[in-house]
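All remarks here apply to the structure that follows.
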Amino acid sequence: MSAAPETPAPLLINGEAATGHGPILDAIDPATGRVSARYQTATSADIEAAVKAARESFARGTWRDKKPHERATVLFEASRRIAEAAEVLAHLQMSQNGKTLKECRTQAKAAAATFRYFASVCETMEGDLTTPRGDYLSMTVYEPIGVVALITPWNSPLAMEAQKLAPALAAGNSVILKPSEITPGTGLALGRIVCEAGLPPGVLNVLNGTGLAVGDPLVRHKEIGMISFTGGTATGRAIARIAAERLIPVALELGGKSPHIVFADADLDRAVDGVFGGIFDALGQSCVAGSRLFVERPLYRSLVDRLIERANALMLGPPADPASGQGPLASFAHRERVEHYVELARADGGRILAGGARPEDASLSQGAYYRPTIIEGLANEARACREEIFGPVLCVLPFDHETDLIKQANDSAYGLAAGLWTRDISKAWRVARQLEAGTVWINTYRELSIATPFGGMKESGLGREKGRQGVRLYASTKSIYLSLAGGA
């Protein structure tokens, strides 16, 4: 591993670069195994400084009390600046989580679009005039919560950080962003850009560090009024316990084990494209990855054979190379996790139809590469079919009857997303309504819109991000009654 290429980047507190007093954090490029950048991390004293800056900025009202169109102006400017910096942001994300440059560019543009969307929502969001039941005028307004902690994951940090920052700021909150320790650079870069767009000091703070050293103290801090977390279900459950004890709101976007269903009457070409992209785009490192494939038996062999051919042909390589279909997994530790689950599947009688190993290409040996993997022969009860692998592993299962299919698809602790392919619209609607998932795609997969609410059922989380209600997620509802009764 090479020497760090630069001086460790500081924290962002009170609108300024601030020295972090915790251990230095090395960001590892998963394509090469080398240090791509170094970052200072926060101690308890640094956390206190950030919380104090956020709390005081909220108390001053320099952001909270701005008119919605004034906050929108700053968010529009942030969107413009993010778009200008898109190429730099894309390369930064690529160097820390190994996504292809093409995908990183798309996510950088999406981050700019997210700020633009929530700027528009901020400017046009209305309160509600409620139906009176007496001699009064009654209305509902939405107030900022106060200081909000945002904890983001490593798989799509540009998209996830924008998805939390923009609505939390639009609602008028002061925020503290804690990026993943795997991808510490994007949150810090976005934070600087948004502050420079015109945020008052203290409104946005960024603290790097581990979940134990920084995330946990933030969640427990008495001045934090809400927590928004995207990540694994086990961590989400721990955060929910703390939030319950403190009686504060929490938004959790957690894991998934999404069923992807192909009926015998589906358009085979389109279904193959949708299923393949649904699991192997981003090498399955997506909460909505369609990792359990249910295929109606008459179509099973032909569809699976085509998926095997596509998986074997997928070109792994350096993420900056346009010829690379996919880059490495996000970290070497994560590759070991994926390998562990593949071995569990083998032990449970699974047959590896494609992948199941690191690539043989010697030029990729220094990176966290892993072949796209297809496994058949497992029961839906196998651990590889029930637990979130978060990697390029597809478990394929045939089915014969719609009733049994729905039972198996819903037989999961998770309920984030699902997809189905059929030419029968009545069947599509019937099945979609019965699937226990926050998002269901019909004859498509992984279509996402910042304007459409997103979240999960069961152990896939609480609350809904995105959409106009995404701003209200970060607000407290207040009812106001104004008497219209005349005096004596």
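Just a yes or no: is a residue in region 412-422 in a loop (DSSP other than H, G, I, E, B), buried (at least 16 other Cβ atoms within 10 Å of the Cβ), out of contact with any His (no Cβ under 6 Å at 6 or more places or on another chain) and of a type outside the set (Ser, Thr, Tyr)?
Taking every residue of region 412-422 in turn, at least one turns out to be in a loop (DSSP other than H, G, I, E, B), buried (at least 16 other Cβ atoms within 10 Å of the Cβ), out of contact with any His (no Cβ under 6 Å at 6 or more places or on another chain) and of a type outside the set (Ser, Thr, Tyr).
Being part of a strand (DSSP E or B) and charged (D, E, K, R) is the filter; apply it to region 20-60 and report the residue that is surrounded by the most Cβ atoms within 10 Å (Cβ to Cβ).
Among them, the one singled out is Arg38.
With Thr477, Thr422 as the choices, which residue is touching a Phe, Trp or Tyr at 6+ places or on another chain (Cβ under 7 Å), of a type in the set (Val, Ile, Thr) and under 30 Å from Phe58 (Cβ atoms)?
None of the other options fit; the residue is Thr477.
Report, by residue number, each residue of region 142-160 that is buried (at least 23 other Cβ atoms within 10 Å of the Cβ) and hydroxyl-bearing (Ser, Thr, Tyr).
Those that are buried (at least 23 other Cβ atoms within 10 Å of the Cβ) and hydroxyl-bearing (Ser, Thr, Tyr): Thr152, Ser156.
Take the residues in region 465-488 that are in a loop (DSSP other than H, G, I, E, B) and without any contact (Cβ under 8 Å) to a residue 40 or more places away in the chain, then tell me which one is surrounded by the most Cβ atoms within 10 Å (Cβ to Cβ). First the steps, then the outcome.
Of the residues in region 465-488, the ones in a loop (DSSP other than H, G, I, E, B) are 466-468, 473-474, 484-488.
From what is left, the residues that are without any contact (Cβ under 8 Å) to a residue 40 or more places away in the chain are 467, 486-488.
Values: Gly467: 18, Gly486: 6, Gly487: 3, Ala488: 3.
Among those residues, the one meeting the criterion is Gly467.
Is there any pair with a first residue in region 118-137 that is in the same structural domain as Lys67 (by TED's automatic domain parsing) and a second that is of a type in the set (Ser, Thr, Tyr) and in a helix (DSSP H, G or I) whose Cβ atoms are under 8 Å apart and which are 6 or more apart or on different chains, and what are they?
Ala119/Thr73; Ala119/Ser79
Tell me which of these Pro249 doesn't satisfy, since it passes every other one: (1) surrounded by fewer than 24 Cβ atoms within 10 Å (Cβ to Cβ); (2) under 30 Å from Pro398 (Cβ atoms).
(2)
Look through Phe58, Phe115 and report the one residue that is over 26 Å from Ala333 (Cα atoms), of a type in the set (Phe, Trp, Tyr) and either touching a helix residue (DSSP H, G or I) at 6+ places or on another chain (Cβ under 8 Å) or free of Cβ contacts under 8 Å to residues at least 40 places away in the same chain (or both).
It is Phe115.
Say whether the condition of being modelled with pLDDT of 95 or more, more than 30 Å from Arg38 (Cβ to Cβ) and of a type in the set (A, V, I, L, M, F, W, C) is met by at least one residue in region 96-114. Steps first, please.
Of all residues in region 96-114, those modelled with pLDDT of 95 or more come to 96-114.
Adding the requirement that they be more than 30 Å from Arg38 (Cβ to Cβ) leaves 113.
Those still in the list that are of a type in the set (A, V, I, L, M, F, W, C) too: 113.
Yes, region 96-114 has at least one match.
Considering only residues of region 227-272 that are within 14 Å of the chain's Cα centre (by Cα) and aliphatic (A, V, I, L, M), which is farthest from Ile308 (Cα to Cα)?
Once the filter is applied, the top-ranked residue is Ala251.
Identify the residue in region 440-464 that is among the charged types (D, E, K, R) and crowded, with 19+ Cβ neighbours inside 10 Å and, among all such residues, is farthest from the chain's Cα centre (by Cα).
Glu459
Checking the structure you have, find out if any residue of region 185-196 is touching a Gly at 6+ places or on another chain (Cβ under 7 Å) and either among the small types (Gly, Ala, Ser) or without any contact (Cβ under 8 Å) to a residue 12 or more places away in the chain (or both).
no
The values are calculated or read from the model by the stated rules, or taken from the named source; none is laboratory data. Remember, predicted model here, so these are calculated numbers, not experimental data. Here the Cβ is made from the backbone with ideal geometry for all residues, glycine too, and neighbour counts use every protein chain on show.
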